[in-house]
Structure formats: C-alpha cells, structure tokens
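**Q** Please find one structure pasted underneath; my questions will follow.
The values are calculated or read from the model by the stated rules, or taken from the named source; none is laboratory data. Not measured: the values here are computed from a predicted model. So basically every Cβ, Gly included, is an ideal-geometry build from the backbone, and we count neighbours across all protein chains shown. We work out accessible area using only protein heavy atoms, side chains counted, and drop any ligands, DNA or RNA first. Shrake-Rupley method; radii C 1.70, N 1.55, O 1.52, S 1.80 Å.
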Amino acid sequence: ERLNSVRGLHVIAATLGPDRVKGELIPFLTDYLDESDDVLREFAKVLATMVPEVGGIQHVSHIVTPLETLCGLEDVTVRDEATSSLALVGEQIFRDGTTQQQQDYVTLVTNMAKSPSPQTRYAACFLLRVPYATATSATKTQLRQTFQRLAGDEEILVRRGAVVALGDKFAKVLGSEGCSDLLSVFLTCCKDSKDGIKLQCVSTAVTILPFLSEGGVSQLALAYKALAADSSWRVRYMAADKLSDAAKSFSATDVNRVAFDIFKKLLDDQESEIRASAVFHMNELLALSADAAGKKGALSQGAALAGDPNAHVRMSIAASILRCAPHVGKDLWTNTITPTCTKLLNDNDPDVKLAIVSGFGSIGGTAEGKEIAPKLVPVVMVLASDTKWRVRETVVQQLPSLISNLNKSVLEVLDVCLDALSDRVATIREAACQSCYQLLKLQGMPWGKATLFPKIITMAQQQSRAELPEDNTVSAPHNYLRRVTFLHLLQTLLPLLDSNSLTTTFLPALQQLTNDVTANVRINVARTLVMAKRDGKAGGAATKEIDSLLAKLSSDADVDVKDEANRDKI
C-alpha cells in the first residue's frame, strides 16, 4: 500500500499544489523515510520527475536535499537509484537553471566527495560528470582533483566506484585532455591490491583507450598486460574476454608487440575458461594486425588448442578457427586452418563439431568455403539426427550456406533440410522453412522447380489414414502436421514464387487440401490462399480459382476456418 502511494506521488502533489509539496509533503516523506527498500527506491525514482510539482527549476533544491540523503543509504539499489535521479536533476539544472544553482550543484558534489560516509563518497563518483561538461577550466581542474582523491580513497567501495564511473560515462565527458590528465591515477588503480578493483579496471581501460594519445595508449597497454598476468583468475578472464576490444585502440606496434604477447600467454593459462575465452576471440585479434609473422605465431598457438583436454576450449577454437580465414594468407589456410578443422570434425564431442558447422557461414561463397564444405557433409548428416534439438536446429540454420558451396552431395544435404520439416520440435520445423526460403533465394527459381518443389509437394499429398492410428509421430505420412508444415513452408516461400509456379505446382495442392479432414489444415489453407491473393502474383484464371476456394472455405463447418477464409474481405 505504501509502495503504491509513492508511485502515485504525482497525483498527490498535483492535488496539494507546489507550496504544500515543498513545505509539507517532501519534508514529511524525508523525515519519515520508510524502512522498506522498495519504497525508498521508488521514492528516489519519483523525485527525479517532480521538478514541475515543486514549482519549477527555481525550487529544485527541495528535491536535491532528500536525494542527497538517499545517496548515503546502505542499500545499493536505493543508493544507485538516488544517484541516477540526482544526476538527472543536475542535468536539468545545467540546462535550465541559474548560474548560482549550477555553482551550488558543484559545491554539493564536492561536499559529497568529502563526506564521512563512504556510501555518499561512492555516489559522488558518478555525479562528477554532470557539471564537468559545461564547467569553467578552473572548475574542471577542481573536479578532476576530486576524482583523483576518490580514486585513492581508503575505502574499497569508493575506489571501485571511481573506476566504474570513469568507464561508465565520465571518460566521454573528460575527452582526450581530461583522460590524459587522469591516466596516472588510473594506472595506480590498475595496481590496486584488491581484485574487485582490478577487475573493473579491465573494462574501464577499454573505454578510455580511444581518448588517449599514442604515448598514453602504450602506457595503458603495458598496464593491461600486467592485468592479464594477474594472480586472480577473474581478472585474467576479463582481460582475455576484452583483449580484442582493447587492441582496437593499440598502435600497430603495440598490437604485434603487446597484444599478441598477452594472447599467447593467455592460451597457456592453467584455467580452461581463460584459454577458451582467449581463443574464442582469436579472429578479432588477427583482423587488427598486418604482420604476417605475428599472425602465424598466434594462429599456430591457437590452433594447437584443438587437442586441449577440455571440451569447452576445443569448442571455442572450433567456433573461431573458420572466422580467422579472411584475415590470414592462403598458406596459413592450407597449413594450419584446414588441418585443424579436420581434427575438430573428428572430435568425439558433438558440440565441438557443431561449433565448426556454425562458423561455416563466415566463409560461405569463398574458395575456402568450397574447399571445406565437402568435409562438413558427413558431420552434418550425423548432427542432423542428434538427440539435442538445439543441435539439430543449428545444423538446419547453416544448411543454405553449406549447400551453396557444394558441387556434389547437394541432394544428400538437401534431404537433411527436408527431413527437418518433419521434426518433432516445432522450432526446428520453422527453421527448416526459413532454410528452404534461403535456399530458393540463393539457388534461384529454375533450381527450385527442378529440385526443391517436387520434393516438398509430396507433403501435401500425404492424407490422413485412419487405419494407421498406432503411428502418430510427425514423420508418419498420415500425420496432419506434415500437411500443416507444408502450408507454413508455402507461406514462407510465397514472396519468391513466380506466377507459373504458384499456378501449376502449388494451387492444385491447395485445392486438394481444402477437403482435408483436419480443421487445422483447412485453416492454414485459407490463410495461404489469402496471402497468395494479396501477393498479387496469381494470374486472372488463378485468382478466380483462389476466390472459388475461399468461397468454399467461407462456408466450412468449422467456425475458425470460416473466419480465416473471410479475412480476404476485411
């Protein structure tokens, strides 16, 4: 009840008027702060939008005071909400407020940074950015000094808040000059004794690197190297995960001298999660370098993890190895990538094989793709019948790219896609419909008429057979879901079909299915006919036939069939 009252504070404030809101409502709520964190969090959130209710920006101090109090509370969710609200109010002050109000806000933030409460000092870290953008040179210097003091605070909470705030939004406001001025402060944070702070330093380093000069980037690159070799596995893992993002701001020299060195050491880490994270982003790192020797060393060491005892590491190299192809020379494709793929395709873990298949799309249509595609066929045939439905779904999604790179075995792989239309999992049947759409789009209408259409039209001809009730699987010829899936497939293919295919191949099948014994089939027939008519590709005679079939279905005994058929009239 109290929570709902706070949520309705705007209504109460509108009833009382600005004077009573300032003189009675806000003081009452501030003096009797509820013990419930949910209520306090909602109160902090609502205060940010109550500037009109207190009489406008000139009376904003009545909102700032309770928010300052809330910023010092123990609960982190309340404190963060209050800090966000105080920042929003500050942005309004620096947009619409007077010079005196803006100076008062700067004083507020600097006083919060000196507060005996570590929670309040933590909140101040995130408020420094608000006045900085429009501040004078002297005030900017004062704010940077305040940040420097907070970054060296005795409390871990405050130091961590300073690092997070710098990487959150403060770095963008600081710009190149401000980030360069605070680089020494941040480098000190990177050497902090607490793992939680160094962990945040990795993410913040990625944010501030683009704002630094070449010399500053080199200094921070060395600090990043130290973080990647930290005794804490959490810090090393974060450094591995963010390495390619950080290296985007490195100079070419630092990429080859520092980033590759970090990468190779991470590949030898004792923790499997760190090795997996590092090698998963290998292709991104290779894309940043133009040094053939450096690429060869990094790729060779990464490819060696194909024999790692941990399946997750092998899966990570399987996911990235094909994506490396566009960034290396032909010799590395032949001597390193192809043998590695061959080894991974013979792995005992199906997830490793699946990762290779999933990465095939990155080289589809290239000479490398045409070379590796035949080797994937046996793997695809096995994975297509895997007991895990997500494995089967991923295989089906990759089939269009694989088939487009095959000269032989096309029909064999196509059958995998068509068999998926009878899968017991609806998501896989939907994925198969989309794959057929992509295939027709890639291969063209002549291929569709000669190869695809004759195979899928048989699904519409398999009518219900009451004499076979014991077999009710989706793959059973009499199961109505096969005919429903055929109609879903036709609905998916409609945008690509020409008038001749629609009229001569599919319209007779639709005519046959209007007499189906299953109402769900007839519903989808009506839906498909409406879509075909609206598509406008049918000729005059075909349009008349469609109208005739819709008229027949509009008088169907099933009300849902009639409703679907009558959509054409809406």
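**Q** Mind giving me the nanometre distance, one decimal, between the label points for residue 58 and residue 457, set 7 Å out from Cα along Cα→Cβ?
**A** With each label placed 7 Å out from Cα toward Cβ, I get 8.2 nm.
**Q** Something else about it: Percent of Cα-Cα pairs more than 41 Å apart in the chain, please.
**A** The share of Cα pairs beyond 41 Å in the chain comes to 52 percent.
**Q** What number results when the radius of gyration of the stretch 169-317, computed over Cα atoms, is divided by 2.2 N^0.38 Å?
**A** 1.03
**Q** While we're on this one: Tell me, what is the percent relative contact order of the chain, built from C-alpha pairs under 8 Å that lie six or more residues apart?
**A** Here the relative contact order equals 5 percent.
**Q** I would also like to ask the following. In degrees, nearest 10, range 0 to 90: what is the angle between the Cα axis of helix 233-247 and the longest Cα principal axis of the chain?
**A** Roughly 80 degrees between the two axes.
**Q** When a/c reaches 1.5 or more, the comparison of a/b and b/c decides; with that in mind, is the stretch 55-181 rounded, prolate or oblate per its Cα gyration tensor?
**A** oblate
**Q** When only Cα pairs under 8 Å and 6 or more residues apart are kept, what is the percent relative contact order across the stretch 1-140?
**A** 21
**Q** Gain in length, residue 222 to residue 385, computed as 0.36 nm per residue apart minus the alpha-carbon separation, to one decimal in nm?
**A** Stretched fully, the residue 222-residue 385 segment lengthens by 53.8 nm.
**Q** Compute the distance from the alpha-carbon center of the stretch 215-292 to that of the stretch 145-174, in whole Å.
**A** That distance is 24 Å.
**Q** Once the other residues with Cβ under 12 Å from the Cβ of residue 510 are scored (Lys, Arg +1; Asp, Glu -1), what is the net sum?
**A** +3
**Q** For residue 214 and residue 375, what does the FRET efficiency come to when R0 = 35 Å and r is the distance between their Cβ atoms, rounded to the nearest 0.05?
**A** 0.20
**Q** For residue 51, what residues show an amide H to amide H distance below 5 Å, using hydrogens built from the backbone and excluding near sequence neighbours?
**A** none
**Q** While we're looking at this one, here's another question. How large is the accessible surface per residue of the chain, computed with a 1.4 Å probe and reported in Å² as a whole number?
**A** Per residue, the chain has an accessible area of 44 Å².
**Q** Can you bin the stretch 194-275 into rounded, prolate or oblate? Criterion: square roots of the alpha carbon gyration tensor eigenvalues sorted a ≥ b ≥ c, rounded for a/c under 1.5, prolate for a/b above b/c, oblate for the rest.
**A** oblate
**Q** At q = 0.10, 0.18 Å⁻¹, what is the log10 ratio I(q)/I(0) for the stretch 110-252, with the Debye formula run over Cα points and no solvent?
**A** Rounded to two decimals, the profile gives -0.31, -0.98.
**Q** OK, next. Find the centroid of the Cα atoms in the stretch 334-395 and in the stretch 46-113, then give the distance between the two in whole Å.
**A** Centre-to-centre distance over Cα atoms comes out at 56 Å.
**Q** Quote the FRET efficiency, to the nearest 0.05, computed for residue 49 versus residue 251 with a Förster distance R0 of 45 Å and r equal to the Cβ-Cβ distance.
**A** 0.45
**Q** Calculate how steeply helix 311-321 sits against the longest principal axis of the alpha-carbon atoms of the chain, using the helix alpha-carbon long axis, and give the answer as 0 to 90 degrees to the nearest 10.
**A** Helix 311-321 and the main axis of the chain meet at about 80 degrees.
**Q** For the pair residue 95 and residue 268, how long in nm is the line joining their label points, each one 7 Å along Cα→Cβ?
**A** The two pseudo-label positions are separated by 5.4 nm.
**Q** What FRET efficiency comes out for residue 434 versus residue 7 if R0 is 41 angstrom and r is the Cβ-Cβ distance? Round to the nearest 0.05.
**A** Calculated transfer efficiency: 0.40.
**Q** Return the carbon/sulfur percentage of the accessible area of the chain, one whole number, probe 1.4 Å, all protein chains in place.
**A** That share works out to 51 percent.
**Q** Identify, among 380, 505, 132, the residue whose Cα sits farthest towards the positive end of the charge dipole of the chain, taking +1 on the Cβ of Lys and Arg and -1 on the Cβ of Asp and Glu, with the dipole about the Cα centre.
**A** 505
**Q** Return, ordered by residue number, the residues of the stretch 303-333 whose backbone nitrogen is under 15 Å from a label point located 7 Å along Cα→Cβ of residue 342.
**A** 332-333
**Q** Please name whichever of 5, 431, 400 sits farthest to the positive end of the charge dipole of the chain, dipole taken about the Cα centre and charges placed at Cβ: Lys and Arg +1, Asp and Glu -1.
**A** After comparing all options, I get 400.
**Q** Here is a follow-up. For residue 291 and residue 142, calculate 0.36 nm times their separation in residues minus their Cα-Cα distance, and state this gained length in nm to one decimal.
**A** 49.2 nm
**Q** In percent, how large is the relative contact order of the stretch 241-400, given Cα pairs closer than 8 Å and 6 or more residues apart?
**A** Relative contact order comes out at 18 percent.
**Q** Multiply the residue gap between residue 411 and residue 312 by 0.36 nm, knock off their C-alpha separation, and tell me the result in nm, one decimal place.
**A** In short, 32.3 nm is gained.
**Q** To continue, here is another question. Quick one: net charge around residue 394, please, counting Lys, Arg +1 and Asp, Glu -1 for every other residue with C-beta under 14 Å from its C-beta.
**A** Once positives and negatives cancel, what remains is -1.
**Q** I need the trypsin sites (Lys or Arg not before Pro) found in the stretch 385-426, filtered to DSSP loop residues with at most 15 other beta carbons within 10 Å of theirs.
**A** 388, 408, 424
**Q** Sticking with this one: Taking only Cα atoms, what is the 0 to 90° angle, nearest 10, from helix 137-151's long axis to the longest principal axis of the chain?
**A** Long axis of 137-151 versus the principal axis of the chain: about 80 degrees.
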